[in-house]
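Novice: Right, I'll just put the structure down here and ask away after.
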Amino acid sequence: MKTHTLLIICYLFLGCQNQTDTNATKQAEEKTPATYQEPFRPQFHFSPKSQWMNDPNGLVYENGTYHLFYQYYPEDTVWGPMHWGHASSEDLISWKHHPIALYPDEHGYIFSGSAVIDSENSSGFGKNGSTPIVAVFTYHQMEGEKAGRNDFQTQGIAYSLDHGMSWVKYENNPVISNATAIRDFRDPKVFWHEEDSQWVMVLVAGDHTKFYKSYNLKEWEWMSDFGKTQGAHGGVWECPDLFKLPVQGTDLEKWVLLVSVNPGAPNGGSGTQYFVGDFDGSTFTADSETSNWIDYGRDNYAGVTYNNAPDDQRIFIGWMSNWDYAQTTPTKSWRSAMTLPRALSLHQDTTGYFLRMNPVASFQNYIEMNDTIPMRATQDRLEISMETLGQTAIQLEINLSEEYTFTYQNEKGEAVVFKLLPKQQIMTFDRSHSGRTDFNDSFVKNEQIMPYKAENRWVKAQFIVDRSSLELFIHDGRYVMTNLLFPTETYTEFTVTHTTAAPPKNISVGSIPAIWMP
Ligand code: FRU
């Protein structure tokens, strides 16, 4: 056996590192209001000031501002009568809170939906040349549901003439009733279909999507259905989205249909699948009968994309939770956060089309690179120790055909473990000893599994931790896992065990300060 040589590639003096840590922490404290200091509170992901949040809604860009509306219950930290909460941002990372945008009314709670910029004033809501933002959402009539009826979900609209700050509901709501009594009839995503100069709406109806068209956002005509026999049907379909993307490296354009499903995700509970195909203005046709998953982690649900984003970007935000346990996570005055906003791109290889998703470019501006990395390395293991590991982005290059084990760990021995197992062509994620897991039996069911192509290729891997979440983007965002974690102390050690042939290359570590301003 070889003599065990300890190769110290880089070992930083802890004293020096502590200094950097203390400065970063101090800076963060100065900028952060007390309400964002609770344990588990994300520091650079969006979460509501207080109370319950679920799906992102009405994602729309207007005039330099990204709006984020969201399913919100202002009276409790569990789901209840739904409102649309509201926040906005210039760069998708630093958010400002705004007053609640939409309140329940006589037609019901305000469920998920979308928003469009009606620049031609097709709706007629605009006055004196102002451009309306029109929100399209589902009304959920609780009395109807309790009475055992099936027609309690309808679609309504509202408009804003002051850049999303105040809203007027349309007097003739609902704009789509539920005459055929479809029990789960909701989550309209509307977009402008340039080719046919019409508004298109996709919504879900239990086990399929329905497509409608309109010229004024008020009158809608049904066009087609998709999905009864395609894709995953482990549960009810929710929160669809449809958009066109160029296929990178070709002249092709394809349409992508996102559909969330609850339950039925590959690792349990709720998750989001997608189909790649064509849309001719009235009908969506998928290239394959089987769908793909946008994320194999357990905490990325109900995600949809921005309308009207600049430079043809397709920007996605998901709700970073899972209906299996969302209402019981161990936070007190607030509950749930969003994923980092991610840019989507479409690619093709011998296996077909696939999406990549990576944090939006502006996120880079928030990463404060550590010039010297507090790292020790031996032949088959490297270790990074940092007080501030709970708020970092680590990037490195790995070879997909080699075995790796990545671990985040704290001094109490709580640890989360992510592995590449090329022989089985899977990556695994284990949060069974990551910290608090006792709040719900389904938080840890099994080890999570993500299939992948174990090619002999060096690829980029990014690991982003924000106190109570870990987002993994492997192979430039081709393999993605988003997971919540509740360590009772911050993780302070990141280790990689690897084969002697393939130690990770080009390692960079960056700290990310809090975005929340007092
Ligand atoms: C998805 C969802 C939507 C619905 C909303 C209600 O998480 O169930 O289908 O509109 O949440 O809050």
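The values are calculated or read from the model by the stated rules, or taken from the named source; none is laboratory data. Since we're looking at a predicted model, the values are computed, not measured. FYI the Cβ positions are ideal-geometry reconstructions off the backbone, even for glycines, and counts take in every protein chain you see. Surface accessibility is based on the protein's heavy atoms, side chains included, excluding ligands, DNA and RNA. Shrake-Rupley method; radii C 1.70, N 1.55, O 1.52, S 1.80 Å.
Novice: Just the residues that are open to solvent by 10 Å² or more (accessible area, probe 1.4 Å), part of a loop (DSSP other than H, G, I, E, B) and within 16 Å of the ligand (Cβ to nearest atom), please, taken from the stretch 298-328.
Specialist: Correct list: 323, 324.
Novice: For the stretch 87-104, which residues satisfy the criterion of being over 30 Å from residue 197 (Cβ atoms) and within 16 Å of the ligand (Cβ to nearest atom)?
Specialist: Listed by number, the residues that qualify are 100, 103, 104.
Results for (1) within 16 Å of the ligand (Cβ to nearest atom); (2) in contact with a Pro (Cβ under 7 Å, 6 or more places away or on another chain), shown as yes or no for each residue.
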residue	(1), (2)
36	no, no
41	no, no
45	no, no
49	no, no
53	yes, no
63	no, no
67	no, no
73	yes, yes
76	yes, no
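Novice: Pull up the stretch 249-264, narrow it to residues that are open to solvent by 40 Å² or more (accessible area, probe 1.4 Å) and outside any strand (DSSP E or B), then point me to the one that is nearest to the ligand (Cβ to nearest atom).
Specialist: Result: 263.
Novice: Report whether or not residue 163 is within 18 Å of residue 291 (Cβ to Cβ), surrounded by fewer than 20 Cβ atoms within 10 Å (Cβ to Cβ) and out of contact with any Phe, Trp or Tyr (no Cβ under 8 Å at 6 or more places or on another chain). If you could, list the steps in order and put the result at the bottom.
Specialist: Working: within 18 Å of residue 291 (Cβ to Cβ): no; surrounded by fewer than 20 Cβ atoms within 10 Å (Cβ to Cβ): yes; out of contact with any Phe, Trp or Tyr (no Cβ under 8 Å at 6 or more places or on another chain): yes.
In short, no.
Novice: While we're on this one: Strands (runs of 3 or more DSSP E) wholly in the stretch 440-518 with at least 1 residues that are closer than 19 Å to residue 335 by Cα and either without any contact (Cβ under 8 Å) to a residue 40 or more places away in the chain or charged (D, E, K, R) (or both) - which ones?
Specialist: 458-466, 469-474
Novice: Is one or more of the residues making up the stretch 387-399 modelled with pLDDT under 95 and surrounded by 18 or more Cβ atoms within 10 Å (Cβ to Cβ)?
Specialist: Yes, the stretch 387-399 contains at least one residue that is modelled with pLDDT under 95 and surrounded by 18 or more Cβ atoms within 10 Å (Cβ to Cβ).
Novice: Only one residue in 439, 418, 443 is of a type in the set (Phe, Trp, Tyr) and more than 15 Å from residue 488 (Cβ to Cβ), so which one is that?
Specialist: Values: 439 fails: more than 15 Å from residue 488 (Cβ to Cβ); 443 fails: more than 15 Å from residue 488 (Cβ to Cβ).
None of the others qualify; the one that does is 418.
Novice: Ok, one more. Please find, within the stretch 192-240, the residue that is nearest to the ligand (Cβ to nearest atom) out of those that are over 28 Å from the mean Cα position of the chain (by Cα) and assigned to a loop (DSSP other than H, G, I, E, B).
Specialist: 220
Novice: When you scan the stretch 499-511, do you find a residue that is touching a Lys or Arg at 6+ places or on another chain (Cβ under 7 Å), surrounded by 15 or more Cβ atoms within 10 Å (Cβ to Cβ) and in the same structural domain as residue 374 (by TED's automatic domain parsing), even just one?
Specialist: There is no residue in the stretch 499-511 that is touching a Lys or Arg at 6+ places or on another chain (Cβ under 7 Å), surrounded by 15 or more Cβ atoms within 10 Å (Cβ to Cβ) and in the same structural domain as residue 374 (by TED's automatic domain parsing).
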